[in-house]
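The values are calculated or read from the model by the stated rules, or taken from the named source; none is laboratory data. For clarity, every value in this text was computed on a predicted model and none was experimentally measured. Cβ placement follows ideal geometry from the backbone for every residue including glycine, while neighbour counts extend to all protein chains displayed.
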Amino acid sequence: MATTSRNRIERLERELEFRAWDRLIRRRFARTRAVLEVWTTTTQCPERPEPLPGMSPIDNMEREDLRKLWKEEQQEWAGRNREDLAFFCLHGHWPERACGTECMKTQEREREIQGLLGGSNV
Ligand SMILES: [Zn+2]
């Protein structure tokens with residue numbers, strides 16, 4: 001009985017985590033590049049209304065595919081340390097990938113992020 005209740009609670013927690021991620025990803029896809037840069041740099045999403053249904057490219061995805069995407073993203077973020085996250089905020093990609101045309105690193109972003117991290121090098 002206790003195991004069954006614990007399993008139900010764990011399932012509900014996972015469902016809640018999935019729904020929170022789903023909401024976040026829909027908001028992320030609905031943002032412009034400028035808003036995403038502010039969000040990435042400050043870690044604060046600028047206040048905007050929720051995207052309307054049909055405005056996100058993931059609105060038409062099947063739930064099973066969404067859950068697969070969620071699990072892939074969880075694996076991508078698992079085990080990341082503070083330095084990895086700071087690098088990601090500065091560059092827009094993980095440290096194991098070389099800087100390329102999609103790299104967002106600029107001196108201005110570096111100064112902003114260092115300020116947010118209390119002067120630590122990024
Ligand atoms: Zn880079």
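Considering only residues in segment 64-102 that are of a type in the set (S, T, N, Q) and part of a helix (DSSP H, G or I), the one that is nearest to Leu24 (Cα to Cα) turns out to be Gln74. Selection of segment 30-54 for residues being hydrophobic (A, V, I, L, M, F, W, C), farther than 30 Å from Gly118 by Cα and modelled with pLDDT under 75 yields only Ala30. Each residue in segment 53-63 was checked for being in a loop (DSSP other than H, G, I, E, B) and loosely packed, with under 12 Cβ neighbours inside 10 Å, and 6 pass.
Report yes if some residue within segment 76-87 is surrounded by 15 or more Cβ atoms within 10 Å (Cβ to Cβ), in contact with a helix residue (DSSP H, G or I) (Cβ under 6 Å, 6 or more places away or on another chain) and at negative phi; otherwise report no. No, segment 76-87 has no match at all. Kindly indicate whether any position in segment 103-110 is more than 14 Å from Thr41 (Cβ to Cβ), of a type outside the set (Phe, Trp, Tyr), surrounded by 10 or more Cβ atoms within 10 Å (Cβ to Cβ) and within 11 Å of the ligand (Cβ to nearest atom). Scanning segment 103-110 turns up at least one residue that is more than 14 Å from Thr41 (Cβ to Cβ), of a type outside the set (Phe, Trp, Tyr), surrounded by 10 or more Cβ atoms within 10 Å (Cβ to Cβ) and within 11 Å of the ligand (Cβ to nearest atom). Residue-level analysis places Ile58 among those that are among the aliphatic types (A, V, I, L, M), away from the ligand (no atom under 16 Å from the Cβ) and either touching a residue at least 24 places away in the same chain (Cβ under 8 Å) or assigned by TED's automatic domain parsing to the domain that holds Arg27 (or both).
Residue count for segment 71-87, restricted to those that are in contact (Cβ under 8 Å) with a residue 12 or more places away in the chain and within 13 Å of the ligand (Cβ to nearest atom): 2.
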